[in-house]
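Novice: Questions regarding the structure given below will be posed in turn.
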Amino acid sequence: MTVIVNSPNGSENEAKRSLVTIVLRPFAFVGRTVIEWINKMGAVTIFLSMALLRIPGRKQLFKTVQQVYYIGARSITIIMLVSLFTGMVLGLQSYHALSKFGASGAVGSLVSLSLIMELGPVLTAIMITARAGSAITAEIGIQRISEQIDALSTMRINPIRYLISPRISAAIISFPLLTAVFDLIGILGGYVSAVVLLGLNGGVYMHSINTYVDMSDVTNGFVKSIVFAVIVATVCCYQGYFAHMRKDSHGAQAVGLATTSAVVTSCVLILVSDYVVTSMLV
Amino acid sequence: MDTPLIEFKNVTKRFGRKTVLENVNLRIYEGQITTIIGLSGSGKSVMLKHIIGLIQPDEGAIFFRGKPIARMKKSELAESFSRISYMFQGNALFDSLTVYDNIALPLQETTNLKKAEIDRRVMARVEQTELSEAIHKYPSELSGGMQKRAALARALITDPQIVLFDEPTTGQDPVRKNAILSMIAQYQRKFNFTAILVSHEIPDVYFISNRILALYDRQIVFQGTPEELENFDHPFMDEVINSLEALQKELTGLYSKRQFAMLNHVQLKRRTFGESYCIVVFSLKELHTMITKVGHDAAQEALRNMGLYIDKHFGAIGGISTRFGTNEIITMLPYSNLDEAENIMGNFVMDFHEQIMPAIQTGACKFASEGESVEVTILAGIAEGKPTATVDSVMNLAKSQQKEIGRLTCAAGGANK
């Protein structure tokens, strides 16, 4: 038999216990956050797997083409504009820097390698995130809060097959193509600033590119752009699809915050994964 | 009784700490229109979403044709749910698709039908729901009533056996509200599906419902026919039915059937034993023909206006009027014998020809859809009853003595088209 008596020892124990709780609180918080992150990563992975499994199918083809037009074709203008000025500023900076060492002949290779290996895939992905990714999240989010996604389920149409898979496959097709456009226009921009405006010999510029750029550099750039495509499409679709599950807001506000989260998370993940993929490829 | 099509046994649903449904038991039978009534936010839509599997119960079980849904195989479950369609409260139409694409969507995505066959089926539904002019429009370009019709067409495109309607009349004016209810009743008869409605349009839903389920305080407190609900003694009647019926009286001028019966009872008790009263039964004879030829909206507008004028005329001399069934209006004259009632009726018929009929005609024609013109007959019959006689028997007597008091002609663009 146990007898519980209120004694000074009892209150000492309680004080000790509360002290331990206070000390452990930050660890508990970190643990909880880590578990939440792992849960979320798991959920996103399952979401992506389900979407990838549902890509094949005759009926998916038309929807994918539509999305390629929306994500890809309609982004060309902004991609061309950004790439032209990126190439021009690269040409300008590298010409002045390399001239100090008498190596202005290497401008072409510096501009092209920077664009093909890094700036092309990264800036293309960021620009598509801003233009199409945010729109994808907002569109799917609105469809979620206005019960259109529930309506699909009641009509026996798989919402992931109908809404998500075509967007992910379209992103996988569009990102490398837009990256190629970015690279080409960027190199042209470098040519304009270095050759046309600063007087570098055009033949030297092109020869430098021809000599130092390998096919593997181009392939690595495309590998990166495919990784970014999967990341951006998954994050944007996921944020919109589960906009109604947000704990911090509801309705239209949830869609707004989901869109912001999608853009910020995509941009951060593009830069993080860029480092990871580069370290694996180099 | 037969095995219910859908049965809830002790279903409980919680969202966080809030319990929305608690030990809910209900039965829904095949081939009927069952309406779930209750106040807003009482959990009616949640109950409907359980039926289609959008929400799972925390406790209890849901049975489909006697089989528990939770124990069904995936293929069995898919087969059961494939027979169900759902019409959402907010329509849930895809705003980036045209009306045609919205209606065709279930067929395009879930069947291997050829384009020509899909086109044929969609066009058939479009014509039935009077959406021919809106076929290439987007949902945002349609009126609320047209959006409802588009949602209804989409729900019916797969020829479902069960259709769930989540507040189908929300945000509609009284004419369109009754037009939608009338449309549901008409299609239910035509396509013979089981309809489950969620609504708080009391008493309008009584006219089309075979069974009523009353949700109150997280539980189903009543299951039965609309007539049985009239005799239901429960706080639900005071808190829900009375308040909604009072609102209905304010909006339309007509009493509900239940209020009518209560007022009858009170009025008749006041009279000394042996004194008589009269009942007049008005009918719009070819209402269904009118619906077919000029549309639900025009037919409901004609019926509503007729009710308003009858109430205005007879209300001034103490008469109490109510809508009864889909095409009848009943007026009780509590202090009149047959001679007096016939005199009052004579005056009414004169007014009816001079003022009321042209007004009803103009109102209805405004809502008429393009099509043939239609002529409908308005009948009226009077019967005298003693306080000891049941109101139903006097009403039947009045109905048997109905005579034509006028004819309405209605067509799109005006009566004389």
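Only the coordinates and a few stated rules stand behind these numbers; no lab work does. Quantities reported herein were computed from a predicted structural model and do not represent experimental measurements. Cβ coordinates were reconstructed from backbone atoms using ideal geometry, including for glycine residues, and neighbour counts include every protein chain displayed.
Novice: Sort A:103-113, B:214-224 for me by packing, meaning the mean count of neighbouring Cβ atoms within 10 Å per residue, highest on top. Before the final figure, lay out each step's value.
Specialist: Numbers: A:103-113: 22.3, B:214-224: 17.6.
Top of the packing list down: A:103-113, B:214-224.
Novice: Using a 7 Å offset from the Cα along the Cα-to-Cβ direction at both A:Val196 and B:Arg407, what is the distance between the two label points in nm, to one decimal?
Specialist: 8.4
Novice: Right, next: Pick from A:Asn158, A:Asn220, A:Asn39 the residue whose mean-square fluctuation is largest in a GNM of chain A, springs joining Cα atoms under 10 Å.
Specialist: Residue with maximal mean-square fluctuation among A:Asn158, A:Asn220, A:Asn39: A:Asn39.
Novice: Where q = 0.12, 0.15 Å⁻¹, what log10 of I(q)/I(0) comes from the Debye formula for the stretch B:6-248, counting one point per Cα?
Specialist: For the stretch B:6-248, the Cα-only Debye profile gives -0.71, -1.08.
Novice: For every other residue with a beta carbon closer than 14 angstrom to the beta carbon of A:Met280, add +1 if it is Lys or Arg and -1 if Asp or Glu, then tell me the sum.
Specialist: Values: positive: A:Lys224; negative: A:Asp274.
Residues close to A:Met280 contribute a combined charge of 0.
Novice: Report the label-to-label distance for B:Ala61 and B:Lys386 in nanometres (one decimal), using points 7 Å from each Cα along the Cα→Cβ vector.
Specialist: Taking the two extended label points, one gets 5.7 nm.
Novice: Which one, B:Gly363, B:Gly16, B:Gly60, has the greatest fluctuation when you compute a Gaussian network model over chain B with C-alpha springs under 10 angstrom?
Specialist: Maximum among the listed residues: B:Gly16.
Novice: I've got another one for you. With each run of n ≥ 4 DSSP H residues scored as -39500 (n - 2.57), what mean residue ellipticity at 222 nm is computed for chain B after dividing by its residue count and rounding to the nearest 500 deg cm²/dmol?
Specialist: Values: 14 runs with 166 residues, N = 417.
Counting only the DSSP helices, I get -12500 deg cm²/dmol.
Novice: Oh, and also: Note down the magnitude of the dipole of the protein assembly as shown about its Cα centre, charges +1 on Lys and Arg C-beta and -1 on Asp and Glu C-beta and zero elsewhere, to the nearest 20 debye.
Specialist: Details: 65 positive and 61 negative charges, 386 e Å.
Taking the Cα centre of the protein assembly as shown as origin, the dipole is about 1860 debye.
Novice: Rounded to the nearest 20 Debye, what is the dipole magnitude of the stretch B:6-248 about its Cα centre when Lys and Arg each give +1 and Asp and Glu each give -1 at the C-beta? It would help to have the intermediate numbers written out before the result.
Specialist: On the way: 29 positive and 30 negative charges, 209 e Å.
Roughly 1000 debye, rounded to the nearest 20.
Novice: Separate question: Average partner chain C-beta neighbours within 10 Å, per residue of A:152-164?
Specialist: Values: counts 5, 5, 14, 14, 9, 5, 2, 0, 0, 1, 2, 0, 0.
What the average comes to for A:152-164 is 4.
Novice: Which one of A:Asn201, A:Asn13, A:Asn210 has the biggest mean-square fluctuation once chain A is modelled by GNM with Cα springs under 10 Å?
Specialist: Maximum among the listed residues: A:Asn13.
Novice: Which residues in the stretch B:44-81 have a backbone N closer than 18 Å to a point placed 7 Å from the Cα of B:Thr3 along the Cα-to-Cβ line?
Specialist: Answer for this model: B:61-81.
Novice: Let me ask another. Give the peptides A:121-134, A:80-93 in descending order of average Cβ contacts within 10 Å, highest first.
Specialist: Numbers: A:121-134: 23.6, A:80-93: 19.9.
Output ranking for A:121-134, A:80-93: A:121-134, A:80-93.
Novice: Could you work out the per residue convex hull volume over the alpha carbons of the protein assembly as shown, in cubic angstrom?
Specialist: Numbers: hull volume 192.0 nm³, N = 699.
So the per-residue hull volume is 275 Å³.
Novice: Also, quick follow-up: Less than 13 Å Cβ to Cβ from A:Thr33, Lys/Arg counted +1 and Asp/Glu -1: what total charge do the surrounding residues give? Could you put the intermediate results ahead of the total?
Specialist: Numbers: positive: A:Arg25, A:Arg32, A:Lys40; negative: A:Glu36.
With Lys, Arg at +1 and Asp, Glu at -1, the net is +2.
Novice: Which whole number gives the average count of other chain Cβ atoms within 10 Å of the Cβ atoms across peptide B:82-88? It would help to have the intermediate numbers written out before the result.
Specialist: Numbers: counts 2, 0, 3, 3, 6, 2, 6.
Mean shielding by partner chains, rounded to a whole number: 3.
Novice: Compute the helix-to-body angle for A:251-281: its Cα long axis versus the longest principal axis of chain A, expressed 0 to 90° and rounded to tens.
Specialist: 60
Novice: Count, for each residue of B:97-105, the Cβ atoms from other chains sitting within 10 Å of its Cβ, then give me the mean as a whole number. Present the calculation step by step, with values, prior to reporting the outcome.
Specialist: Details: counts 1, 0, 0, 0, 0, 1, 0, 0, 5.
That average works out to 1.
Novice: Could you work out how far apart the two model spin labels at A:Glu36 and A:Arg17 are, taking each label as a point 7 Å from the Cα in the direction of the beta carbon, and quote it in nm?
Specialist: Taking the simple label geometry, A:Glu36 and A:Arg17 are separated by 2.7 nm.
Novice: Over all pairs of distinct alpha carbons, what does the Kirkwood formula give as the hydrodynamic radius of the stretch A:136-201, in Å?
Specialist: Values: mean 1/r = 0.0656 Å⁻¹.
About 15.2 Å for the stretch A:136-201.
Novice: I would also like to ask the following. Can you check what the Kirkwood hydrodynamic radius comes to for chain B, Cα pairs only, in Å to one decimal? Mind showing how you got there, number by number?
Specialist: Details: mean 1/r = 0.0433 Å⁻¹.
Evaluated on chain B, it is 23.1 Å.
Novice: Something else about it: If we sort B:226-237, B:21-32 on the protection proxy, mean other Cβ atoms within 10 Å, highest first, what's the order? Could you put the intermediate results ahead of the total?
Specialist: Working: B:226-237: 15.1, B:21-32: 17.8.
Averaged packing, sorted descending, gives the order B:21-32, B:226-237.
Novice: Within chain B, what percent of beta bridges assigned by DSSP are antiparallel, to the nearest 5?
Specialist: Values: 45 of 64 bridges.
In chain B, DSSP labels about 70 percent of beta bridges as antiparallel.
Novice: Find out how many positive minus negative residues lie around B:Phe191, taking Lys and Arg as positive, Asp and Glu as negative, among other residues whose Cβ is under 11 Å from that of B:Phe191. Before the final figure, lay out each step's value.
Specialist: On the way: positive: B:Arg125, B:Arg189, B:Lys190; negative: B:Asp159.
Every neighbour counted, the sum reads +2.
Novice: Determine the distance separating the Cα centre of the stretch B:293-361 from the Cα centre of the stretch B:10-25; give it in Å without decimals.
Specialist: About 46 Å separates the Cα centre of the stretch B:293-361 from the one of the stretch B:10-25.
Novice: List, in order, the whole-Hz ³J(HN,Hα) value for each residue of the stretch A:26-36 obtained from phi through the Karplus relation with A = 6.51, B = -1.76, C = 1.60 and θ = phi - 60°; use x for Gly and Pro.
Specialist: x, 5, 4, 4, 4, x, 4, 5, 4, 4, 4
Novice: Positive end of the charge dipole of chain B (Lys, Arg +1 and Asp, Glu -1 on Cβ, about the Cα centre): tell me which of B:Leu5, B:Gln300, B:Ile320 has its Cα farthest that way.
Specialist: B:Leu5
Novice: Using a Förster distance of 45 angstrom, determine the FRET efficiency expected from the C-beta separation of B:Lys137 and A:Ser249, and round it to 0.05.
Specialist: Calculated value: 0.85.
Novice: Where the centroid of each part is defined by its Cα atoms, how far is the stretch A:130-173 from the stretch B:73-107 in Å?
Specialist: Here the answer is 16 Å between Cα centres.
Novice: Given +1 on the Cβ of Lys and Arg, -1 on the Cβ of Asp and Glu, and no further charges, what dipole in debye does the stretch A:59-281 carry about its Cα centre, rounded to the nearest 20?
Specialist: Numbers: 12 positive and 9 negative charges, 112 e Å.
In total the dipole reaches around 540 debye.
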